[in-house]
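**Student:** This is the structure I have questions about; it appears just below.
The values are calculated or read from the model by the stated rules, or taken from the named source; none is laboratory data. Quick caveat: nothing in here was measured; it's all calculated off a predicted structure. Every residue, glycine as well, gets a Cβ built from its backbone with ideal geometry; the counts of neighbours run over all protein chains shown.
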Amino acid sequence: MHIEIDKDVCIGAGQCALTAPRVFTQDDDGYSTLIPDREDGAGDPMVREAARACPVGAIKVTEPAG
Ligand code: SF4
């Protein structure tokens, strides 16, 4: 799993950090950022929930092909 956050789209609503706090946090400006070394989601099933919870669709979760 690979997670991307479009910081141009993120409005800092914080839903991602609330939903999957093991993977997402908020930076000093309140925008979503990934906890270091969790760019792969760390096997956390809540990552997809967090992507769905984002009100502006700023989180993209992709699976590597194969
Ligand atoms: S839920 Fe979406 S808008 Fe809110 S902080 Fe996370 S990425 Fe940004």
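**Student:** Taking Pro21 and the conditions (1) modelled with pLDDT under 95; (2) over 21 Å from Pro64 (Cα atoms), which numbered condition does it fall short on, given that it satisfies the others?
**Tutor:** Condition not satisfied by Pro21: (1).
**Student:** Among the residues of region 1-52, which ones are of a type in the set (Gly, Ala, Ser) and more than 13 Å from the ligand (Cβ to nearest atom)?
**Tutor:** Those that are of a type in the set (Gly, Ala, Ser) and more than 13 Å from the ligand (Cβ to nearest atom): Gly41, Ala42, Gly43.
**Student:** Could I ask something else about it? At least 2 residues that are in contact with a helix residue (DSSP H, G or I) (Cβ under 7 Å, 6 or more places away or on another chain) in each: list the strands (runs of 3 or more DSSP E) lying fully within the chain that qualify.
**Tutor:** 24-26, 59-62
**Student:** Just one of Gly57, Gly66 is modelled with pLDDT under 95 and exposed (fewer than 14 other Cβ atoms within 10 Å of the Cβ); which is it?
**Tutor:** Gly66 is the lone residue from the list that is modelled with pLDDT under 95 and exposed (fewer than 14 other Cβ atoms within 10 Å of the Cβ).
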